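K.L.:
Just passing along the structure, written as structure tokens.
Throughout, read-outs are computed from the coordinates displayed, never taken from laboratory work. Every value quoted in this text rests on a predicted model; they were computed, and no experiment measured them. Backbone-built Cβ (ideal geometry, glycine too); neighbour counts: all protein chains shown.
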Amino acid sequence: MGLKSAFPWWALRFGCSSKKKAEDGKAGIDGMKTTGHTLDNSATNSSEGDVAGTARAEVHDQHYVENNCRPQSPSMQRQSSTLSVQDSICLTYKKAISEKNFSTPKLGILRLDYNYPPAVGDIDSPESFDYPVIYRVIPGLTFEMCQSGELSDEVKVECRQAVQYLEKQGVSGITGDCGFMIHIQAMISDVTNKPVFMTSLVQLPSLCMCFDSDETIAIFTANSTTLLPILPRLLEMCALRQEDKARIQVVGCQDVDGFDAVEKGEAVDVLKVDAGIVALAKRVVAENPRIKAILLECTELPAYADSLKFATGLPVYDSISVCNSFMAGFLDNPKIGLNDFHEAWDGKQAEYTFGACLSENEQGKLKSGRNLTSQISSLSLPNFDDNDISEEDSVSHAMTL
């Protein structure tokens, strides 16, 4: 485009007579008519320029109709010249949003065949989440079976059916309500194209990458005596690097006053247990200053995460944080960019009772009458000498693998 066809930017910088501005302005309009270039909003107020600009805008808009979302054309720019960047983006995608109408992202949670009264903060309490959650029990998947990783063929079928149910409900991702569900992580991933994060342990490789190679990650678990024998296998399944395995320290909460309610299937006295969990964490961190982060393996421990953050000054991760991390990939961030691209959530979780979504035949397969105490006492664990783990290590044990 020739010099006369361009808007005289030097006139804005250095100033010139009104007559000169008018002459050059008309030349700029004429040049743009012949070359197809758009005109700046402030370049002209002439009716001829507006008509030409509108025609160009229509052509410009039509180019993006196939994608149902259009960059702002000159006509849209005139509407949004006084809007913020965020509002302008929302205006750009307004048509596409109205046509696609995404539903509210939902989290699917697979449950053990085990019923108990969860506290807020527990993954089995819907009130622990800021987005809708949908539960589905897997009939026959007891704690014992999940802990061993040896599922019957019948329960494997039940797992697949449970995943299919969650998919029909439109969930965005799938998690589980027991840390030992790392055993079925691969199986669940194979039968769905949704992201699967069955346990908080899937965060472990990332945590190790975030800290120096001589620093430790403490894993808090409900009972270290049941976790330690299978820990090497669990760490392998969550894809932890071999060189990072020695950086893991297991901390058992079985001796915390009041926490035995977890094994009994009873309601936990959260205030009572909170004090015990905090005291345990402070002692463990004082004994090992190399601990730089805490990972709560048990899905009933997130209720104490904030207290642990405050008491230790360390970052704390758990089954809720891993869910929030994945769900953030689907949820609208109201602070930036495009807003309201999916249906708003009213903040009310759907009412749920254990096994309510099962058929009558599936409900007949439930074994939830057995409590966790009987399941743990009947576990068949690998043989290991009591001398291998000291009395002190039964509470906090560092594994070198």
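K.L.:
Dividing the alpha-carbon radius of gyration of region 138-202 by 2.2 N^0.38 Å (N being the number of residues), what value is obtained?
P.N.:
After normalising by residue count via 2.2 N^0.38 Å, the value is 1.02.
K.L.:
Let me ask something else. Please compute the length gained on full extension between GLN363 and ALA186, using 0.36 nm multiplied by the number of residues separating them and subtracting their Cα-Cα distance.
P.N.:
61.1 nm
K.L.:
Run through region 298-361 and list the trypsin sites (Lys or Arg not before Pro) located in a DSSP loop whose Cβ has at most 16 other Cβ atoms within 10 Å.
P.N.:
Loop-located and lightly packed - LYS335, LYS348.
K.L.:
Right, something else. Just how many % of Cα pairs in region 185-269 lie over 21 Å apart, if you round to the nearest whole percent?
P.N.:
That fraction is 43 percent.
K.L.:
For region 247-381, take the alpha-carbon Rg, divide it by the Kirkwood Rh, and send me Rg/Rh.
P.N.:
Radius of gyration over Kirkwood radius for region 247-381 works out to 1.05.
K.L.:
Here is a follow-up. Give me the one-decimal nm value for the distance between modelled label points at GLN161 and VAL85, 7 Å along each residue's Cα-to-Cβ direction.
P.N.:
5.3
K.L.:
What GluC sites (Glu not before Pro) does region 334-363 have in DSSP loop regions with at most 11 other beta carbons within 10 Å?
P.N.:
GLU351
K.L.:
Tell me, rounded to the nearest percent, the portion of alpha carbon pairs in region 262-306 spaced more than 18 Å apart.
P.N.:
Summing the P(r) tail past 18 Å for region 262-306 gives 33 percent.
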